[in-house]
Amino acid sequence: MVALRPVRRAPRADGFTLIEVMVVLVIVGSLAGTLGLGLGALAGRDAERAVARLRLVLEAGVERAEVRGQPLAFERLPDGYRFWIQSIDDRWRLLDEAPLFTETRLPAPLAWGEAEQAGRPLAAQDRLTFGAHPVPFALALTADGRRHRLLGLASGEVRLLAGEERP
C-alpha cells in the first residue's frame with residue numbers, strides 16, 4: 001500500500017493584483033472628478049444666493065427707512081457690505097441689527113460693478129442712501145463672467161436682473 005501524503009497548497013501571496021489596484025484607482029479618480037464638478041456648481045449657487053439675499057436686504061432697508069422716516073445708508077465694502085443709520089443728532093452709526101443688517105461678506109466669485117442713485121453714478125466709496133421717499137438706484141455685481149443687476153424702484157421694490165452675459 002502506498003502512503004498518501006497530504007496535498008500541499010502553494011503558498012498564497014497576500015495583497016492585491018495589478019488589475020484590482022487599477023480598478024480602485026479608476027473608481028477613486030471618477031469620484032474625485034465628480035466631487036470637483038459638484039463643488040464648482042455649489043460656488044455658483046452661493047453667488048446666486050448671495051445676490052438674492054442682497055436684493056431682499058436692500059428692499060427691507062428701503063422699507064425700514066420709509067416706514068420709520070429715519071435715513072439708512074448702504075455701504076459697499078471691497079468684499080461685502082454693511083448698513084449705516086442716521087441718528088436724531090444727524091450722526092451716522094453702524095447698523096448691526098441681526099440678522100438682516102449685520103455686516104455681510106460676499107462669496108469669493110462675486111465682485112462689485114457700477115452703481116448709481118437717482119441717475120447719478122456712485123464711486124466705490126459712496127453710499128446708497130434711503131429715506132422717507134424711495135429713490136431709484138442700480139447696483140451691479142459680477143461673478144464668473146455673469147453680471148447681476150439690482151434695480152431699486154421709486155415704489156420701494158428692488159428687482160433682480162440676473163445672469164446677463166458680460167460682453
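The values are calculated or read from the model by the stated rules, or taken from the named source; none is laboratory data. Being a predicted model, the structure only gives us computed values, none of them experimental. Reconstructed Cβ throughout: ideal geometry from the backbone, glycine too, with neighbour counts over all protein chains shown.
For the range 65-123, which strands (runs of 3 or more DSSP E) that fit wholly inside it have 2 or more residues that are crowded, with 17+ Cβ neighbours inside 10 Å? Before you say what the answer is, go through the steps one by one.
Working: elements: 72-77, 80-86, 92-95, 111-117, 120-122.
Fully inside the range 65-123 and qualifying: 72-77, 80-86, 111-117.
Every residue in the range 51-62 that is closer than 10 Å to Leu106 by Cα and at pLDDT 95 or above, please.
Within the range 51-62, the first condition is being closer than 10 Å to Leu106 by Cα, and the residues that meet it are 51, 54.
Result: Leu54, single match.
Among the residues of the range 74-106, which ones are under 23 Å from Val51 (Cβ atoms) and either out of contact with any strand residue (DSSP E or B) (no Cβ under 7 Å at 6 or more places or on another chain) or among the small types (Gly, Ala, Ser) (or both)?
Leu77, Pro78, Gly80, Asp96, Glu97, Ala98, Pro99, Leu100, Thr102 - these are the residues of the range 74-106 that are under 23 Å from Val51 (Cβ atoms) and either out of contact with any strand residue (DSSP E or B) (no Cβ under 7 Å at 6 or more places or on another chain) or among the small types (Gly, Ala, Ser) (or both).
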